1. If I take R0 = 35 Å and measure r between the Cβ atoms of PHE102 and ARG82 in this structure, what FRET efficiency does the formula 1/(1 + (r/R0)^6) give, to the nearest 0.05?
2. Does region 60-211 come out rounded, prolate or oblate by the C-alpha gyration tensor, with a ≥ b ≥ c the root eigenvalues, rounded set by a/c under 1.5 and, if not, prolate when a/b is larger than b/c and oblate if not?
3. I need the shape label for region 31-133. Rule: rounded when a/c is under 1.5, else prolate if a/b > b/c, else oblate, with a, b, c from the alpha carbon gyration tensor.
Amino acid sequence: MIDLKTHKISIIFTMARPCSYATSKVEEWRSIDLADLRRWRMLDANRVGSAGNIPAITCKTPNGVDKLGVIGKSRGVLFVRRDDQGQLGSLFVQFSFSPTRFGGWRAWFRCPGCRQACRVLYGTNSLRCRKCRGLKYQSQYESSAFRWLGRARKIRRRLVGREPFDGPLPPKPRYMRWRTYRRLERLVLRLEAVGWEAMSEHVYAIRLRTR
């Protein structure tokens, strides 16, 4: 078996999908994650001050920077945006609630298209869920080895690591619990071990076929 780390074979983790695939990927669209809005405290109605300052999500586009205002309501989120002519438009996305295990309620976006509950909406001039857009994930075009190693890389990035593939994990972030850090540490080691083993088998099989 081939040890990829020992031989220092360069692996490109972001595999381009074949040109025959016409389906767009979620990574190619602007996304609005309800969990991010909650974490950034953008769902608090009090964020809109007396001067009318509205918290906004910024996104880089070929024409510059696009801003989407976010106004939190008790039953949903009001998104505000100016079009190319400077006209102010708005879209209200209702919440859909599901019960939690401890007697509470969890809020989801209710897709303006299919009316189904979802956590992430996609689009610029209109907002729809992934199924309405017909989007697929980048990982759906990748082998299992790339998915495992890619997941480990995301965890390393979450821990603010400069070396995403090799070496020890970066130190624990200041506000992260030690229990969470140890859990992520074990998960990264497990994902990388399985991923590198699968990658070695894949490269070994390719070499056998090309002899």
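1. Working: r = 42 Å, r/R0 = 1.19.
With R0 = 35 Å, the Cβ-Cβ based efficiency is 0.25.
2. Values: a/c = 2.10, a/b = 1.68, b/c = 1.26.
Since a/c reaches 1.5 and a/b is larger than b/c, the shape of region 60-211 is classed as prolate.
3. Working: a/c = 2.09, a/b = 1.35, b/c = 1.54.
Cα axes put region 31-133 in the oblate bin.
Read-outs: derived from the displayed coordinates by stated rules, not from any lab. Please read these numbers as outputs of a predicted model, since none were measured by experiment. With ideal geometry, Cβ positions are generated from the backbone for all residues, glycine too; neighbour counts draw on all protein chains shown.
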